[in-house]
1. I'd like the full set of residues that are without any contact (Cβ under 8 Å) to a residue 40 or more places away in the chain, farther than 23 Å from Gln209 by Cβ and among the charged types (D, E, K, R), limited to region 105-132.
2. I'd like the residue in region 4-51 that is under 20 Å from the mean Cα position of the chain (by Cα) and assigned to a loop (DSSP other than H, G, I, E, B) and, out of all such residues, is surrounded by the most Cβ atoms within 10 Å (Cβ to Cβ).
3. When Glu126 is evaluated against the numbered criteria (1) at pLDDT 95 or above; (2) of a type outside the set (Val, Ile, Thr); (3) closer than 29 Å to His61 by Cβ, which criterion, by number, is the only one it fails?
4. Filter region 172-189 down to the residues that are within 17 Å of Ala98 (Cα to Cα) and of a type in the set (Gly, Ala, Ser) and list them by number.
5. Would you mind finding the one in Arg247, Arg233, Arg240, Arg207 that is basic (Lys, Arg) and either part of a loop (DSSP other than H, G, I, E, B) or at positive phi (or both)?
6. Would a scan of region 64-81 turn up a residue that is over 20 Å from Glu243 (Cβ atoms), in contact with a helix residue (DSSP H, G or I) (Cβ under 9 Å, 6 or more places away or on another chain), of a type outside the set (Ser, Thr, Tyr) and in a strand (DSSP E or B)?
7. Kindly check whether there is at least one residue in region 223-243 that is modelled with pLDDT under 95, touching a Ser or Thr at 6+ places or on another chain (Cβ under 7 Å) and closer than 30 Å to Val31 by Cβ.
8. Take region 134-154 and flag every residue that is touching a residue at least 40 places away in the same chain (Cβ under 8 Å) and among the β-branched types (Val, Ile, Thr).
Amino acid sequence: MQSLERSIGILRALAAAGRTELRLSDVARAVQLSKATTSRILAALCDQGLVEESRETKKFHLGPELTFLGWSAAQKFLLARVARPVLEKVAEATGDTAFLIVRSGTEAVCADRVSGSYPVKVFTMEVGSRRPLGVGSGGLALLAALPDVEVDQILKANAQELARFKAMRAARIRREVQQTRAREYAFAEGHVVKEVSGVGVTIRDPRGQPVAAVSVATLSSRFGDGRLTAVVRVTQIAAREIERALRGANGG
């Protein structure tokens, strides 16, 4: 079981790096293992095609086998399937980047991303990357949809991870959770990248449970002159459309 958990940790570290290849030392540091242990696990993952090592750079990236596994899983992942065309409409309507963020325990994971036509692209998350719940507009929307007791538990569990985000502290997140509930949408300004802001709206499953969020991220300057209201409206409509599709797919 320990080897499996370590292998999954390495795959997640490589996924979070996006298109950037990682050195052995980078991977070992990310998963807090020795280089020897990390090297042994990477070798096994390479044998299975889950990870590849570049011959030129000797750095590691995710392997082709994950593409086939991911494609198979995506076909069964109803939320991602029904959300994709909606994200495309959001990106077209706003010109900005639309994200589908799903909850995984105490974290928010980017399940899909569609870029708009605006020349300056804001890719604050790669597909498959994760952050503590409460960081970013999608993660903030999801956290705000949970009971206060659960919010406190999540912030406590994520204390070490939150330290990586200089602008984010538990007190600020709690304050923004209350603001999100009052507004009925999340607005995250400079959570991860200075001068980048986002709008997020929770998606609930047919049982009413918050399972995901649709969000839009762009330069903070693009939310001026009343444009924030328009983007919020587009995002809210998108979230409701995805919820209707989920109910329809489940016979609701």
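The values are calculated or read from the model by the stated rules, or taken from the named source; none is laboratory data. Note that the structure is predicted; figures quoted are calculated from it, not measured. A quick note on method: Cβ atoms are made from the backbone with ideal geometry, for glycine too, and the neighbour counts reach across all protein chains shown.
1. Arg113, Lys121
2. So the residue we want is Ala17.
3. Every condition holds for Glu126 apart from (1).
4. Matches in region 172-189: Ala186, Ala188.
5. Result: Arg207 is the single residue among Arg247, Arg233, Arg240, Arg207 that is basic (Lys, Arg) and either part of a loop (DSSP other than H, G, I, E, B) or at positive phi (or both).
6. No, region 64-81 has no match at all.
7. no
8. Residues satisfying the conditions are Val135, Ile154.
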